[in-house]
Amino acid sequence: MGVLGVLLAILASSAGIPQSPSGPVRIDTIPVNGGAQLITIYRQVPNHSEVPVLSVLRDTLGDTDPASYRLRYVWILTDRRAHWYQHALAAVPFFYARMPAPKPSPDRRPGPSLDLAKPADRSVAKLAKTLLQTEAFDPMGAFVRSSTRSYTLNEDFRRQNRVAEALTALEDLDRSPGRVSSSLTGAEDQQLRARLLLSTKTFGGWVDDRGLPMVYSADITRIEEMRGHNWDLLRQAAESNGLAFEALRLAGGPPSNAILWVAKSELASSSASRTFHRKFLSIASPWGDSRLLNWKGYTETRLWGGQPVEMIPLAVYSLDHPKVPQLVADMRDSFAPGRREMFRRAITDATAGVLGITSTANLGLFAAAFTWEFISSRWGASNDRSWRIRSYSELRYRLSLDTTLDPVLRKDLMKRANWLAMNPFEESPDRSIRAAKIQHSALVKWAESPKARKKLDKDRREELALLRRTDPQRFWASATRIGSFGMYRRRASNIPATYAELDARRKVDTYTRFLEQLLGANNPRPEVSWNGPAVRNAVYELGRLRPNDPQVVNLVNKVLNRIEDTQAKAAFVDAWYNEPGSQL
């Protein structure tokens, strides 16, 4: 790992790009042949080396104006191309085990996990798969139906796992001590996180870019609310049962997990009849439990009631789950969380796969499932599958990078977290780290080769062809491209005017969104609260690039009408008429 980190540092320094201070998270940028940048997020691992977690291609068009920049491809480097037998086993119903895959090729560029320039493609493909399943595969009988549904579900779980790891890496980036100017901007960070979140939703690709800040802020707010709620809930439940509560900040991250401890001395002095309220805890009573009375596992000496006491860990929970904490590790029953997940998965495979009964097509099943989930969640069950996957992936990711826990306890928790892996597409953390290094090395080789320029040129011309179309036309273009397995692609001409037009369109879009955000802020005195030079520059560029566009003119007039100061209005009008000497 150290050799790769040194190599990448040398490459970055040779490009003249400043490095961020050392820390648990590092972001690095290298130039890409053809006018782009490859941004990579690195995370330290316990042996003091680092591993590339996520890479993003920023298309700059060779321009120095950030208004022309666009994020394009996202590579979740721990997500490698699956082998043929993993695909075959993923289609086997009731097969709940992970299977290792060979190392990826160091000379083959990994396929991107997400294309930010065409997010609707994933939604169109997901909708097409759903229609193909319900209209073609389901009527073919239990064998075909159960196999195809099992494969689709495993594929969805795989993507949710990898997206959760990428989101965790981006969340850690906010806590990095040095975010340099060459790293992701705030707007790019929001776009990246929101698109990753939406990539797991059926219709997420059709969310307009203007709605991404709302998606981002809603997710951040919800996570903070869940953590605060579950923190109090779990702490109160622990105290009422005579247990010790400890929040965990694994790998320097937020307090997204918690562990419960029990004093060994209290176990010896308490009878089996002592009251224990298991609601929200989902574990058996520790009082009188022979497994704890004869405990041979990990213990830790802690202060309890002002005295040093030997403590036994009971369970680990994720605080990132709606309504109730999620049990992710039971120290007395290692397979308990896995059995519950396996039972839930088996019910889905049996009802939808074998019997062909789905909640969307059967009103009675929908009502029964809704009632059961409502009642069980009130009694402490974690019923949200997507959040269970996200919590498990985050725990496994952070444990693989953590250096704060005792190594013995960390190893034990890592082993228990791995028992939750029930997907043939999944890999062990060590194998994922090795795969991430190999894939990033291949990605760097591609970025420095002429193939990168050819790929960028094709993508830019396809981007311009889509921008020239209306929204309905873009939908049908995506459907046709997916239906033809990528063979149908319309691109603009490969001439200098094409790239000049694309550059202008990107700048107009950037400055238009900037002014729209200002109007939506409802500031009472815009000429005082607005960033004057930035507003003037936006108006100047719009007046230079689109002086006769009715939508642009209307937007500029709305901004002008919000300004009350006459001198500021005059400077605003001067900027529109391309007088660079004016000031707002």
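As a summary of the residue check, Ala120 satisfies the conditions (1) among the aliphatic types (A, V, I, L, M); (2) farther than 28 Å from Arg513 by Cα; (3) touching a Lys or Arg at 6+ places or on another chain (Cβ under 9 Å) except for the one numbered (2).
Determine if segment 146-165 includes at least one residue that is hydroxyl-bearing (Ser, Thr, Tyr) and free of Cβ contacts under 8 Å to residues at least 24 places away in the same chain. Yes, there is a match, as at least one residue in segment 146-165 is hydroxyl-bearing (Ser, Thr, Tyr) and free of Cβ contacts under 8 Å to residues at least 24 places away in the same chain.
Looking at Ser273, is it crowded, with 16+ Cβ neighbours inside 10 Å, polar (S, T, N, Q) and assigned to a loop (DSSP other than H, G, I, E, B)? No: the conditions fail for Ser273.
Taking the listed residues Arg332, Arg388, the one that is over 18 Å from Leu260 (Cα atoms), among the basic types (Lys, Arg), touching a strand residue (DSSP E or B) at 6+ places or on another chain (Cβ under 8 Å) and at pLDDT 85 or above is Arg388, with no other qualifying. One residue alone among Phe143, Phe137 is closer than 25 Å to Ala479 by Cα, of a type in the set (Phe, Trp, Tyr) and assigned to a helix (DSSP H, G or I), and that residue is Phe137. Specify which of the listed residues (Ala465, Ala417) is closer than 23 Å to Val25 by Cβ and either modelled with pLDDT of 80 or more or surrounded by fewer than 21 Cβ atoms within 10 Å (Cβ to Cβ) (or both). Being closer than 23 Å to Val25 by Cβ and either modelled with pLDDT of 80 or more or surrounded by fewer than 21 Cβ atoms within 10 Å (Cβ to Cβ) (or both) holds for just one of Ala465, Ala417, which is Ala417. Name the residues in segment 105-134 that are open to solvent by 60 Å² or more (accessible area, probe 1.4 Å), closer than 22 Å to Ser55 by Cβ and in a helix (DSSP H, G or I), would you? Correct list: Arg122 only. Against the list (1) modelled with pLDDT under 70; (2) of a type in the set (S, T, N, Q); (3) surrounded by fewer than 16 Cβ atoms within 10 Å (Cβ to Cβ), the condition Ser382 fails is (3).
Does Arg98 meet the test of being in contact with a Phe, Trp or Tyr (Cβ under 9 Å, 6 or more places away or on another chain) and not hydrophobic (A, V, I, L, M, F, W, C)?
yes
Of all residues in segment 535-572, those satisfying the criterion of being surrounded by fewer than 14 Cβ atoms within 10 Å (Cβ to Cβ) and not polar (S, T, N, Q) are Pro547, Pro550, Lys558, Glu564, Ala570.
For segment 80-92, the tally of residues that are modelled with pLDDT of 90 or more and part of a loop (DSSP other than H, G, I, E, B) stands at 2.
For Val444, the criteria (1) under 30 Å from Leu89 (Cα atoms); (2) buried (at least 20 other Cβ atoms within 10 Å of the Cβ); (3) of a type outside the set (S, T, N, Q) hold in every case but one, which is (1). Please count how many residues of segment 287-338 are among the aromatic types (Phe, Trp, Tyr), in a strand (DSSP E or B) and surrounded by fewer than 21 Cβ atoms within 10 Å (Cβ to Cβ). Count: 1. With respect to the conditions (1) charged (D, E, K, R); (2) touching a Phe, Trp or Tyr at 6+ places or on another chain (Cβ under 9 Å); (3) at pLDDT 90 or above, Glu266 falls short on a single one, namely (3). Comparison of Asp121, Asp138 shows that the only residue that is touching a residue at least 12 places away in the same chain (Cβ under 8 Å) and more than 24 Å from the chain's Cα centre (by Cα) is Asp138.
Here is a yes/no grid of residues against (1) closer than 23 Å to Leu502 by Cβ; (2) modelled with pLDDT of 75 or more; (3) out of contact with any His (no Cβ under 7 Å at 6 or more places or on another chain):
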site: Leu515; (1), (2), (3): yes, yes, yes
site: Asn522; (1), (2), (3): no, no, yes
site: Glu541; (1), (2), (3): yes, yes, yes
site: Asn548; (1), (2), (3): yes, yes, yes
site: Gln551; (1), (2), (3): yes, yes, yes
site: Phe572; (1), (2), (3): no, yes, yes
site: Pro580; (1), (2), (3): no, no, yes
site: Leu584; (1), (2), (3): no, no, yes
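Remark: pairs (first residue in segment 83-105, in contact (Cβ under 8 Å) with a residue 40 or more places away in the chain; second residue in a loop (DSSP other than H, G, I, E, B) and loosely packed, with under 14 Cβ neighbours inside 10 Å; Cβ separation under 7 Å; 6+ apart in sequence or on different chains) = Pro104/Arg81.
The values are calculated or read from the model by the stated rules, or taken from the named source; none is laboratory data. Computed from a prediction, not measured in an experiment: that's the story for all the values here. We place every Cβ from the backbone using ideal geometry, glycine too, and count neighbours over all the protein chains shown. Ligands, DNA and RNA are stripped out before the accessible areas are found, and what is left, the full protein with its side chains, is counted by its heavy atoms. Shrake-Rupley method; radii C 1.70, N 1.55, O 1.52, S 1.80 Å.
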